[in-house]
Each structure stands twice: as structure tokens, then as C-alpha cells.
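Presented below is the structure to which this report refers.
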Amino acid sequence: MENPGSHGWLWWIPLLPLAGSAVAGALHLCTLRARKTDPAARGPAALAGLVACAALFGSLLLSLRGFQALRELEPESARTLLSTVWHWITVPLPAGASFQADLGLLLDPLSSTMTLVVTGVGFLIHVYSLGYMKGDPGYAKFFAFLNLFVFAMLMLVLSSSLLGVFIGWEGVGLCSYLLIGFWYEKGWPAEAGQKAFVMNRVGDACFLIGTFLLVQAFGTLDVPTIVANFPVDGSRQWQLTLAGLFLFGGCCGKSAQFPLFTWLPDAMAGPTPVSALIHAATMVTSGIYLVARLNPLYASSPGLLALIAGVGAATALIGGSTALVQRDIKKVLAYSTVSQLGYMFLGLGTGAFAAAIFHLVTHAFFKALLFLGAGSVIHGMHEEQDVHRMGGLRRHMPRTFVTFVAGAAALSGLPLLSGFFSKDEILANAFAGGGLYYVFWGVGLATAALTAFYTWRLVSLTFFGPERFDHHHVHPHESPAVMTVPLMVLALLSVAGGVLGLPPVFGVTHALADWLEPVIEPGRKILERHGHAGHLSHAAEWALLGLGSAVALFFAHRGYRAYAGGPERDAALERGRPALAGFLGGAWRFDALYDAAVVRPLRLLAAAVAVVVDQFTIDGLVNGSASAARGAGAALRRTASGYVGGYALWMGVGALLISVVWLWS
Amino acid sequence: MNVPSEHLFFLSSALFALGVLGFLVRRNVIVTLMSIELMLNAANLAFLAGSRLHSAPGRPDLQGPLFVIFVITVAAVEAAVGLALIIALYRLKQSVETDSASEMKG
Amino acid sequence: MAEILFYVLSAVALLGALGVILARSPMGSVLSLLGSFFALAVIYLLAGFQFLAAAQILVYAGAVLVLFLFVIMLLNLGQLGTRFQLSLAPLAGPRARLAVTVAVALGLVGLIVAQGAAFGAPPPVGDAGLDPLPELALGLFGRYSLPFQAISLLLLATMVAVVVLAKRQRKEDGR
């Protein structure tokens, strides 16, 4: 073990949740043992939630300390804290070189931002879960998994080496699988977890190939080294582009971009806090983080950037259009997440890495808020998730209603809220890109319209209009404070979060872009050298801001009005245009496509192998040797005739043979 | 007697072969036993012929005769036990054919 | 002279052996065997083994064959039966048996022939013969005393075994 150096305290940021996870796991096992004798026993499980929240709070404090420590470092370019504890892999290569992969943590403005988001939003969601998961038999197990997830996510964002990032990458995938299938007894959550894991694996394979290519190009996986040694003259470009392409493939899997996005809506089978934390705020943003981290790599290849922007735009459109017709409150939010992640990739694809991170942060605020609010609604409606059976809940759940509206306003990009600034910054950058990027801008703008529409459709169907639920069996009530307080904190952040990234046309500095400048600078320099202009006149910027506001307000209003009276419009759509309704409802039929093209052939192959290899060959061999033995036995049994005379003959033969052998030797 | 030793051995072999033939061919179990005695005698003869071969005047080789004494004794013992078994078999099966006791088949 | 006697006696021994195989009744087999044993005894004598010749007649002819006769008489098997009745055992036809016998015979003969010049001239026989009794006794009770004790134990065991085996079963069912 190396001396972690003076920044060894950084390690407590991921290790506290890991410890919390271990304690919670132990408490779960104690609870199981207590339940063996008394099935109704609660055991020490309740403690697990508090332990987990405390661990995460500690991580949050340390993240803040890290943020402060960075701010004290001057000049800006020196804002890096590195702590290495272990030379994990050392492979001596020919010609005196050697490949070394270390286990270390790197705190710089980008990773500091990510840790603050992860620990901050994560902490709020943990507190929320204290109330949401109360009474669940797997209470302690839930917190164990949740803390384990935070550990893996922190490893992902803090690792100094791509190898460490990959460990975190796999870890979050594992925890995602565990948490999606948390209620596996119901059957379909287990399948959803499996689907998520398998799709992620496809992405992970691409990720690995990308890292191999990077090793080939740079001889190391240490990110600071790669960034520092990045060739600025365009040498080895095809190799680097290929590496970036494969790594982006990994991002598509983890961040649910086209074509690997169908697992995210299914992941809603997990408990709502899981959807909020993993599938909105943190894990799915790993892909964006990776691209931002390796910004020189992507900046050096305009074609790759265009591809990323295109994929992002397409995904945004697919997600947004599908969310229009969903009935499950969580599915709407899930497709919305897919769509917003598409926006982030669009931002990355225009070279505006800081803008993408900005949207990541604001999205974490309002999407987590929306999911938690949905959870509150589901909780209060006794696990009802179909908005067609809700309505008028604003009277029954006032605090949930207010916070949810705040989140919805931010999501739909209503002016001056956090979502407005981050989304419009991305769209402005797209517009500035020119050429092909005009198309992407157009798609993005259309998706913004869709976003406003479906968001307010959701609000309208849930909280306004006539009450469509059965009053005898369902008594909606507000959630306890432990759940509503996090909602209120997040609502505050959703509304005011825009201050992080006010556009320069307002006359102020973009705080987040400034903060991230040391990390983004290498990529930005490469972009400038390629002539990637991306500068708009002030007039153009104001015009775009106005256009964005108008679109958001108009479509939000339309969405609200269309569904204020109830869900009849949905039924009308299904009757009038059933093909369109089916197409949109099934996420542009991607699930059906994958089922036919991938799942069915694999099942056939498995069945074929089971019959040919397992039944015929292996069983045949085993059973065949058994019957051969039996047959041989039956044949040889004829010598044991019971007649002494026959035995006498065999004795003679045997004696003869023995003498021959003995004499021969 | 100046018979060459090979002739003694040939005689022993012939007697042994006849003993084997009788052992294999006859169905009467008493005759089988007698064939065994014949074989043993052939072996005795071979031992003695060998002893005769290795003896020097004044220093006879005693291993042959000693062993033959043992063989004779054991042969007698074996004949006795065999005949007792035959009597027991006869009591059970009322026959001394080797085929009469064939229940231990398969 | 002794040589001619030897060959005559060999013929008698062989004929006796053949008689064992070919006789119709067990009684005939016993008597042929007796003749064969006598011929062998004289051959031993001619070869210089005086004590063993006597032992052969005493034990073999006088005890073992008599035992055979007793049993044959006891079980009333003296009648003439059929000759070659090969066993009914499968896979053990007459050809197989003949083949084994011939193989044995040929093998032995071959062994002898292969020795060839290893057989030297036979030694002259002194007065005491090739099995002088004092030396035999010394060997039996000296160097080979352990096999001797084992043999006596064997004899004891045999006596017990024979009595147990041949005893008339007095069972409850009154057989």
C-alpha cells in the first residue's frame, strides 16, 4: 500500500457508504435470524436506515470539505487533489516500459461537482426512504444496497484511473440490478433487473474495448496522464476516435441512449427512491461524466461529436414522444429521463461540456424531486400508479402537489427556473454549431415542446380535474414529514438552481462553467483549433431565450388544458389513431424489435444447445456408458454358468495364461 | 539308471497333460479328483527329476525329495476333503455329476 | 537293463492315466490309477529315490486310492456308466477343452526342449540313493521345520473338516 499522502481523507468519501452498507447488511442478517423464530419480528432493521443516512451525511460533509479545499487552491489550474493508495497492476513490458494501473482518487472541479450531487441528492433520497420503505420486510437490505450503490458511484466519479472508473461502473450496474429486482417475489422486477443488467453488459463490453484502445494509444489508464499527454497535433487520430466511439458505446448502455435505452422504463419496477437516485440523478449520468472527463478525446474528433449529438437528439425525441401516451406515472418520468439524458448528450456533442454538466445537475434536482413526489403520490394512493385513476389530488396532498409543480416547471423549462437555463444553454450551443447542428437544434426544440406538454399532462391528470379513484377503497393522504422535507429541499434547488449557470447575456458569469474550466480547458482548446466556433451574437442569444420561453409556456399550457378535464384525450387517440398510439406507447416498437431480433434467437439457440449438447451428447455419453457397462455385464455373465465343468475350463485357461506371462518375463 | 533327464521330464509332461484332459473332460466328479491326483504325481516326478539333475555324488540335492514329501501330504489331505465334499454333495443332490449343482449361475 | 525297464514302466504309467480318463465306471478309473501309481513308484526306485518310492505306495496307493474306493462303495457308484459325458457348460465345448490340453502339453514339451543342453549326464547313484533318510530327517526337522509344522496343522484341520462335512445331518425334520 502506498502512503495515501496528505489527501488520504478523500478515501472516506466513498468508504463511509461502504461501511454503512456493511453495517446495514449485518443488521439485515440479524433481522432474518430474528424472524426465524418470530415471523413478525422487526429486529434491528430500523437502525439500518439511520446508519445509512448518517454514512451518507458524513460523505456529504467531506465532499463539501473537498469543494472548499479546492476553492482555496490557486491558481485555478492547480485545483487537483490526488491520492493513490495502491499500485494495483504492474506489468513489465518489453523495451523497459511497464504498464501500471493504480487505485487512486482524483478530486478536481468536475469530480467535486459530481460528488456533491451524488452525496447531496443521495442523502435527501436516503432520508426520504426512511419513510417510504417503512414496514417493508427488506428494509435493512434496501439501505445496504443503496449505500453500496453510493459507494460504487463515488468510486466511479472519484477514480483517477479508468480502471477504477470501470470498477465503479460495474458496481453501479450491479446495485442497479439488485435494487430493480428488490421485490423479486413479484416476478417481473427480476426480469426487469435482468434486462437492465444484460443491456448494460453490452455497453460494458464496448467500454472495455475502448479502454484497451486507450491503453494501446497511451500505455496507461491514468486519466490525468492521458489528458496531459493528449496529442494536440492530430496524430493517431483514428485510434483515438475509435476509442472514443467504443467508450461512447458504453455510455449508451449506462445512460440509456438509443439503441440501448429500453431497460430504463422497465427499471421502474424497483422502489421509487431507487428510480430517483439511480435512474434519474446518478447512475445514468455516468456516461455524461465519462465523456466530460475525457473531453480532449471527444473534442479531437468532430465526427464523433456530431454522432453523439445526433444520438442524443434522437433519443430525446424518442423519449419525449413516448412519454406523451404513458399511463403509469413512473413510466412518464422514466421516458422523460431518457429524453433529458439525450439532451445532455446533445450538449456534449456540441462541444459544450460544461452545459451538459449543468443540465446534469439541474436534472438531478428536478427529476429526483419528481420521482420522489411520484413516490409520495403512489404511497398516498396505496400503490396506485395509473394516472387515469387519479385526479384532483392537490386537495389531498398539498405539499406533494406544490413541490411536484415546482419540479414540473423546472423540467418543462419554464422561464427562470433551473431547467430553463440549462436546457436553453444546450439548445443555444446546438444552434451555434451550424450546418448539421441546425437539425439537432430543431429536434431539441421540438422535444422541448413535447417535454412541456407531457409534463403538464402528467400534473393535470394527477393533481387536477375530477377525482377518478374509488373513494371507498382509496383514501389519499399526505406523506409524513420525513418524506416531504426532502421534497421541499429539492424543490428549492430546482427553482433556484439556475443561479449556477446564468447565461453571460445576463451580464453575469456562468458560475459552473468557470468552476469547471480547468477540467474542460484541454477539450476547449482542441475545439478552437478545429474552428468549432460556437459563438452567437447577443441578439441571437436573446432571441433563442425568448423562443425557448415561448415554446415552454405555450405547450405547458396546452398540455394542462388538454387534460384538465380527464384522460379522455388518450382514449380518443387510441381510437382515432391506433397505430400511432401503439407506436408511441411501445417506445417506437424497440422492445418488440429487440425481442424478435435478439431475445428469440438467443432462446432458440439455448433450446438447441440444451437438446443437442446437453441431452444428446452429454446425457448420451453418460447414459450410453451406463448401458454399455450393462450390456458388457450381460454378455460376460454367460461365463458364470453354474456348471463346474465350465469353471474348470476357465481355470485351466487362466493357469495357462499366468504361466505364459510368468515365463515370459 | 542312465535315462537322460529330458525323458523323465517328457514323461512328467505327458502325465500332466493327461491329467488336464481328464480334469476337463469327465463329468463324474470323482474322476475329476483322480485326475488332480494324477497331475500332482506328474509334478512329483518333475521335482525328483530336477533333484536328480542337481545332485552330485556324495552330495544329494534334498530339496526335491523334501518338497515331494510335502506334496504327497497335501495331496492326501486334499483328496480327503474333496471326497468329504462329494459325500455332502451326494447327500444333497443324489448325484455326483458336476452338472447337478448348478444353482450358482448368472 | 534299467533303461528298458524305465520305458516299459513309462508306458504302463501312461496307459494307466489313459485308463483313468477312458474307463466307463469310476471303479475302473481307480484301478487304472492304481496301476499308474505303482509304475511311478518303481520309476522312483530306479531313479534312486528309495524312500519316496515307498512313500508313494504307502500313502498314495495305500491310503488315498483306498479312500476313493471307500467313497465309491459308500455311494454305490460302481456300476458301469457312460463314458464321455462332457459337461453342459456353455462356452466350454469339447474343442475348447482339447485345445487347452494340447496347449498345456505343447507348452511343457516346448519348455523342456528349450532347455536343451542344460541337461547334463545323470549322476551315478550311490548305495544310499538320492534321498538318504538321515539327511531327509535332518532337513525336515531342521531347516524345513516350519513347513512341517504347517503341514501338521493342515492335517489336523483336514481331519476336523472331513468329519464335519461328511457327518450325517440330524435335523429336526428328521432326514
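The values are calculated or read from the model by the stated rules, or taken from the named source; none is laboratory data. In this text the structure is predicted, and so the values were computed from the model without any measurement. Neighbour counts run over all protein chains shown; Cβ positions are idealised from the backbone, glycine included. For accessibility, only protein heavy atoms count, side chains too; no ligands or nucleic acids. Shrake-Rupley method; radii C 1.70, N 1.55, O 1.52, S 1.80 Å.
Cα extents of the range A:55-145 along the three principal axes, largest first, in whole Å?
Between the extreme Cα coordinates on each principal axis of the range A:55-145 lie 62, 35, 16 Å.
Tell me, what HN-Hα J-couplings in whole Hz come from the Karplus equation 6.51 cos²θ - 1.76 cosθ + 1.60 at θ = phi - 60° for each residue of the range A:60-77, using x for Gly and Pro?
3J(HN,Hα) across the range A:60-77, in whole Hz: 4, 4, 5, 5, 4, 4, x, 4, 4, 4, 5, 4, 6, 7, 10, x, 4, 5.
Based only on the alpha carbon positions, what is the Kirkwood hydrodynamic radius of the protein assembly as shown, in angstrom?
36.4 Å
Say the cut-off is 19 Å between C-alpha atoms; which of A:Lys141/A:Lys195; A:Lys367/A:Lys423; A:Lys36/A:Lys141; A:Lys195/A:Lys367; A:Lys195/A:Lys331 go over it? Kindly include the intermediate steps, with their values, before the conclusion.
Working: A:Lys141/A:Lys195 22 Å; A:Lys367/A:Lys423 14 Å; A:Lys36/A:Lys141 16 Å; A:Lys195/A:Lys367 23 Å; A:Lys195/A:Lys331 16 Å.
In this structure, A:Lys141/A:Lys195; A:Lys195/A:Lys367 exceed 19 Å between Cα atoms.
What is the distance in Å between the Cα centres of the range A:98-153 and the range C:26-47?
106 Å
Considering only B:Ala49, B:Gln94, B:Ser5, whose Cα is most displaced toward the positive end of the charge dipole of the range B:5-94, charges sitting on Cβ of Lys, Arg (+1) and Asp, Glu (-1)?
B:Gln94
Just counting partner chain Cβ atoms within 10 Å, what average do the residues of peptide C:47-53 show around their Cβ?
Details: counts 9, 6, 9, 0, 3, 9, 1.
Counting other chains' Cβ atoms within 10 Å and averaging over C:47-53 gives 5.
Name the long-range amide H neighbours of A:Phe99: under 5 Å, sequence gap of 5 or more, or other chain; modelled H, no Pro or chain starts.
A:Val91, A:Leu93
Taking 2.2 N^0.38 Å as the expected size of a compact globular protein, what ratio does the Cα radius of gyration of the range C:1-90 give against it, to two decimals?
Values: Rg = 15.3 Å, N = 90, 2.2 N^0.38 = 12.2 Å.
For the range C:1-90, the normalised Cα radius of gyration comes out at 1.25.
Could you tell me how many degrees, from 0 to 90 and to the nearest 10, lie between the Cα long axis of helix A:139-158 and the main elongation axis, the longest principal axis, of the Cα atoms of chain A?
70 degrees
Output ³J(HN,Hα) for the range A:467-475: one whole-Hz value per residue in order, computed from phi by the Karplus curve 6.51 cos²θ - 1.76 cosθ + 1.60 with θ = phi - 60°, and x for Gly and Pro.
For the range A:467-475, the Karplus curve yields 7, 9, 9, 7, 5, 6, 9, 10, 10 Hz.
If you average 1/r over every pair of different alpha-carbon atoms in the range A:1-120 and take one over that average, what Kirkwood value in Å do you get? Could the numbers behind the result be given before it?
Numbers: mean 1/r = 0.0586 Å⁻¹.
This gives a value of 17.1 Å.
What Rg and what Dmax come out for the range A:112-270 when only alpha-carbon atoms are used, in angstroms?
Answer for the range A:112-270, Rg first and Dmax second: 17.9, 61 Å.
Note down the magnitude of the dipole of the range A:158-283 about its Cα centre, charges +1 on Lys and Arg C-beta and -1 on Asp and Glu C-beta and zero elsewhere, to the nearest 20 debye.
Working: 5 positive and 7 negative charges, 20 e Å.
Charge dipole, the range A:158-283, about its Cα centre: 100 debye, nearest 20.
Does anyone have the angle between helix A:162-180 and the longest principal axis of chain A? Alpha-carbon axes, 0 to 90°, nearest 10?
Orientation of helix A:162-180: about 90 degrees from the principal axis.
Collect residues whose amide H, placed 1.01 Å from N in the peptide plane, falls under 5 Å from the amide H of B:Asp61; neighbours closer than 5 in sequence don't count.
Distant-sequence amide H within range of B:Asp61: B:Ser55, B:Ala56.
Name the residues of the range A:633-648 whose accessible area, probed at 1.4 Å, falls by at least 20 Å² once all protein chains are in place instead of their chain on its own?
Listed in order, they are A:Arg637, A:Arg638, A:Ala640, A:Ser641, A:Gly642, A:Tyr643, A:Val644, A:Gly645, A:Gly646, A:Ala648.
Over the range B:5-94, what relative contact order in percent results from Cα pairs under 8 Å that are six or more residues apart? Numbers along the way, then the final one.
On the way: 71 pairs, mean separation 23.5, N = 90.
Once normalised by length, the contact order is 26 percent.
For every helix of n ≥ 4 consecutive DSSP H residues, a contribution of -39,500 (n - 2.57) applies; sum these over the protein assembly as shown, divide by its total residues, and give [θ] at 222 nm rounded to the nearest 500 deg cm²/dmol. Could you put the intermediate results ahead of the total?
Details: 37 runs with 645 residues, N = 946.
Counting only the DSSP helices, I get -23000 deg cm²/dmol.
Considering the dipole of the range A:345-455 built from charges on the beta carbon (Lys and Arg +1, Asp and Glu -1) around the Cα centre, which of A:His359, A:Ala432, A:Thr400 is farthest to its positive end?
A:Thr400
Across the residues of A:657-664, average count of Cβ atoms on other protein chains within 10 Å? All intermediate terms of the calculation are to be shown ahead of the outcome.
Values: counts 0, 0, 4, 2, 0, 0, 3, 0.
Shielding by partners across A:657-664 averages 1.
In Å and whole numbers, how far do the C-alpha atoms of the range A:277-431 stretch along each principal axis, longest first?
54, 27, 25
Would you please put C:139-146, A:47-54, B:97-104, A:457-464 in order of how densely packed they are, using the mean number of other Cβ atoms within 10 angstrom per residue and starting with the highest? Don't skip to the end; give the middle numbers.
Details: C:139-146: 13.5, A:47-54: 22.1, B:97-104: 16.6, A:457-464: 25.1.
My ranking of the peptides, most packed first, is A:457-464, A:47-54, B:97-104, C:139-146.
Explain nothing, just the number: relative contact order of the range C:1-90, from Cα pairs under 8 Å at least 6 residues apart, as a whole percent. Each step should come with its number before you reach the end.
On the way: 87 pairs, mean separation 28.4, N = 90.
It comes to 32 percent, rounded to a whole number.
I want to verify a result. In a Gaussian network model of chain B, Cα cutoff 10 Å, which of these has the top mean-square fluctuation: B:Leu40, B:Leu48, B:Leu24?
Of B:Leu40, B:Leu48, B:Leu24, the Gaussian network model singles out B:Leu24 as fluctuating most.
Using a 10 Å cut-off on Cβ to Cβ distances, tally the other chain neighbours for every residue of B:29-41 and report the average as a whole number.
Working: counts 3, 9, 10, 4, 4, 13, 6, 0, 8, 10, 2, 2, 9.
The per-residue average across the peptide is 6.
Run the accessible area of the protein assembly as shown with a 1.4 Å probe and give the carbon-and-sulfur part as a rounded percent.
On the way: 28050 of 40510 Å².
Heavy-atom surface of the protein assembly as shown belonging to carbon and sulfur, 1.4 Å probe: 69 percent.
Relative contact order for chain A: what percent, with Cα pairs under 8 Å and sequence separation of 6 or more? All intermediate terms of the calculation are to be shown ahead of the outcome.
On the way: 1094 pairs, mean separation 77.5, N = 665.
Answer for chain A is 12 percent.
So, with +1 on the Cβ of K and R and -1 on the Cβ of D and E, and no other charges, what is the size of the charge dipole of the protein assembly as shown about its Cα centre, to the nearest 20 debye?
Details: 57 positive and 49 negative charges, 499 e Å.
The dipole magnitude comes to about 2400 debye.
Which order do the peptides A:651-662, A:320-331 come out in when sorted by mean C-beta neighbours inside 10 angstrom, highest first? Present the calculation step by step, with values, prior to reporting the outcome.
Values: A:651-662: 12.6, A:320-331: 22.5.
Result, highest mean Cβ count within 10 Å first: A:320-331, A:651-662.
Out of C:Ala114, A:Val551, A:Leu536, whose Cα points farthest toward the positive end of the dipole of the protein assembly as shown (charges: +1 Lys, Arg; -1 Asp, Glu; placed on Cβ)?
C:Ala114
For the range B:5-94, what percent of Cα pairs sit more than 14 Å apart?
Values: 2796 of 4005 pairs.
Value for the range B:5-94 (Cα pairs over 14 Å): 70 percent.
Summing both sides, how much accessible area is buried between B and C? Use a 1.4 Å probe and give Å² to the nearest 100. Before the final figure, lay out the partial values.
Working: alone 7590 and 13940 Å², together 14570 Å².
Counting both chains, the buried surface is close to 7000 Å².
Express the accessible area of the range C:1-90 per residue in Å², computed with a 1.4 Å probe while the remaining protein chains stay in the model. Could you put the intermediate results ahead of the total?
Working: 4080 Å² over 90 residues.
Counting only protein heavy atoms, the per-residue value for the range C:1-90 is 45 Å².
With label points built 7 Å along Cα→Cβ from the Cα atoms of A:Val485 and B:Glu103, find their separation and express it in nm.
Taking the simple label geometry, A:Val485 and B:Glu103 are separated by 9.2 nm.
Taking the mean number of other Cβ atoms within 10 Å as a proxy for protection, how do you rank A:611-619, A:636-644, A:177-185 from highest to lowest? Numbers along the way, then the final one.
Values: A:611-619: 11.2, A:636-644: 15.6, A:177-185: 20.7.
Final packing ranking: A:177-185, A:636-644, A:611-619.
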